[in-house]
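S.K.: First the structure, which I've put down as structure tokens, then a few questions once you've had a look.
Bear in mind these aren't lab numbers, they're just calculated from the coordinates by the rules spelled out. Quantities reported herein were computed from a predicted structural model and do not represent experimental measurements. Cβ placement follows ideal geometry from the backbone for every residue including glycine, while neighbour counts extend to all protein chains displayed.
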Amino acid sequence: MRPRTLANPAVAGLCSTRRWSAAFTLIELLVVVAVIAILAGLTLSTLGYVNKKGAESRAQAEVAALSAAIESFKLGEGFYPTNATSLYTNLCPTVAGRKVYFEPSPSMVVTNGGVPQVADPWGTLYGYSNYTSYFELWSTAGGTNTNNWIRN
């Protein structure tokens with residue numbers, strides 16, 4: 001018996017071309033994986049920047065809200081809170097009948113030595129200094145460089 005062959009060579013070439021074009025080569029797959037890896041790396045690096053900017057914006061809003069609460073406390077009580085430790089106890093009293101000047105979100109409250117205090121988005125306590133006629137309130141913004149601190 002004779003092996004079967006296609007009578008027309010053009011049809012035989014067409015069949016072999018279709019067979020090879022139905023699959024991806026290893027190089028094509030590696031290029032696609034490399035492009036996906038590059039895009040994922042760019043996305044993840046951007047995500048860190050967005051989180052940092054979000055924390056800075058949140059800290060700025062919290063400093064503004066705390067500053068307004070401190071001013072309201074001064075108008076109501078006649079004096080500024082004495083120190084950073086007393087900020088929470090003066091502005092957010094848990095004693096019935098005392099006026100609440102500030103209601104912090106649960107993520108802002110940390111317990112330091114059994115005393116609740118207000119913390120910034122990075123988990124460090126807000127800095128506070130009381131002077132006779134004014135006060136200073138700041139967040140270190142997660143670093144030690146004073147140029148990057150967020151102040152009232």
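S.K.: Calculate, for residue 129 and residue 53, the FRET efficiency according to 1/(1 + (r/R0)^6) with r their C-beta to C-beta distance and R0 30 Å; round to the nearest 0.05.
M.R.: Once rounded, the FRET efficiency stands at 0.65.
S.K.: I need the Kirkwood Rh of region 25-151: take the reciprocal of the average 1/r across all distinct C-alpha pairs and report it in angstrom. Could the numbers behind the result be given before it?
M.R.: Numbers: mean 1/r = 0.0586 Å⁻¹.
Hydrodynamic radius (Kirkwood, Cα pairs) of region 25-151 is 17.1 Å.
S.K.: To the nearest 10 degrees, how steeply does helix 26-77 sit against the main Cα axis of the chain, on a 0 to 90 scale?
M.R.: 10 degrees
S.K.: For the chain, with a Gaussian network of springs between Cα atoms less than 10 Å apart, report the residue from 109, 32, 50 with the top mean-square fluctuation.
M.R.: 32
S.K.: For the chain, what is the calculated [θ] at 222 nm in deg cm²/dmol (nearest 500), taking -39500 (n - 2.57) for each run of four or more DSSP H residues and dividing by its residue count? All intermediate terms of the calculation are to be shown ahead of the outcome.
M.R.: Working: 3 runs with 71 residues, N = 152.
After summing the helix terms and dividing by the residues of the chain, the value is -16500 deg cm²/dmol.
S.K.: Let me ask something else about it. If we count every other residue with Cβ under 14 angstrom of residue 77's Cβ, Lys/Arg +1 and Asp/Glu -1, where does the sum land?
M.R.: On the way: positive: 74, 98, 99; negative: 71.
Around residue 77, the charge tally is +2.
S.K.: Nearest 10 degrees, 0 to 90: what angle lies between the long axis of helix 9-21 and the longest principal axis of the chain (Cα atoms)?
M.R.: Roughly 20 degrees between the two axes.
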